[in-house]
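One structure below.
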Amino acid sequence: MKKRLQKDIGLALFALCIQIIVYFLITHFTGEARSIRSFVSDYVFIASWLFYLLLKTVIYIVWYLISKKGKAGAE
């Protein structure tokens with residue numbers, strides 16, 4: 001479980017880095033002058049991370065219930 005959690009945290013940090021790089025590329029090529037604060041408070045950014053957290057929570061709950069059910073059936 002701990003190794004899986006570390007892997008998921010690493011993937012989340014990787015996704016965050018990709019989002020930041022894409023944001024800076026878009027602002028550079030479009031010529032917009034936006035700050036990192038406006039990026040973090042953007043609705044798309046907030047919605048995507050809330051959806052990610054919700055999805056990961058559901059996956060962990062389902063994974064836990066399946067593993068718990070498998071252990072109960074083996075006894």
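When ligands, DNA and RNA are left out and all protein chains stay put, how many square angstrom of accessible area per residue does the chain have with a 1.4 Å probe?
Value returned for the chain: 86 Å² of accessible area per residue.
Applying 1/(1 + (r/R0)^6) with R0 = 25 Å to the Cβ-Cβ distance of residue 14 and residue 42, what FRET efficiency is obtained, to the nearest 0.05?
Numbers: r = 20 Å, r/R0 = 0.78.
Computed FRET efficiency for residue 14 and residue 42 comes out at 0.80.
What list of ³J(HN,Hα) values in whole Hz, one per residue of the range 34-48 in order, does the Karplus curve 6.51 cos²θ - 1.76 cosθ + 1.60 (θ = phi - 60°) give from phi, with Gly and Pro shown as x?
The phi angles translate into 10, 9, 5, 5, 5, 5, 5, 8, 5, 5, 5, 4, 5, 5, 5 Hz.
Compute, for the range 1-72, the length of the dipole vector about the Cα centre, with Cβ point charges of +1 (Lys, Arg) and -1 (Asp, Glu) only. Units Debye, rounded to 20.
680 debye
Taking the structure as given and computing Cα extents along the principal axes in Å, which label from (i) 58, 20, 19; (ii) 64, 21, 16; (iii) 36, 22, 19 fits?
Label of the calculated value: (ii).
Could you go through the range 5-17 in sequence order and give the Karplus-derived ³J(HN,Hα) for each residue, using 6.51 cos²θ - 1.76 cosθ + 1.60 with θ = phi - 60°, rounded to whole Hz, and x for Gly and Pro?
Taking θ as phi minus 60°, the curve returns 5, 4, 5, 5, 5, x, 5, 5, 5, 5, 5, 5, 4 Hz for the range 5-17.
For the chain, with the dipole built from +1 on Lys and Arg beta-carbon atoms and -1 on Asp and Glu ones, taken about the Cα centre, which of 58, 16, 30 lies farthest toward the positive end?
So the residue furthest toward the plus end is 58.
At 7 Å along the Cα-to-beta-carbon direction for both residue 71 and residue 34, put a label point, then send me their distance in nm to one decimal.
4.5 nm
Under 17 Å between C-alpha atoms is the cut-off here; go through the chain and count lysine pairs that meet it, provided they're at least eight residues apart or on different chains. Mind dumping the intermediate values first?
On the way: 2/56; 2/68; 3/56; 7/56.
Lysine pairs, 8 or more places apart or on different chains, close enough: 4.
Leaving out ligands, DNA and RNA, and with a 1.4 Å probe, what % of the accessible surface on the chain is carbon or sulfur?
74 percent
The values are calculated or read from the model by the stated rules, or taken from the named source; none is laboratory data. Just so it is clear, the structure is predicted and the values come from calculations on it, not from any experiment. Every residue, glycine among them, receives a Cβ derived from its backbone with ideal geometry; neighbour counts consider all protein chains shown. Remember, those area values only see protein heavy atoms, side chains included, never the ligands or the DNA or RNA. Shrake-Rupley method; radii C 1.70, N 1.55, O 1.52, S 1.80 Å.
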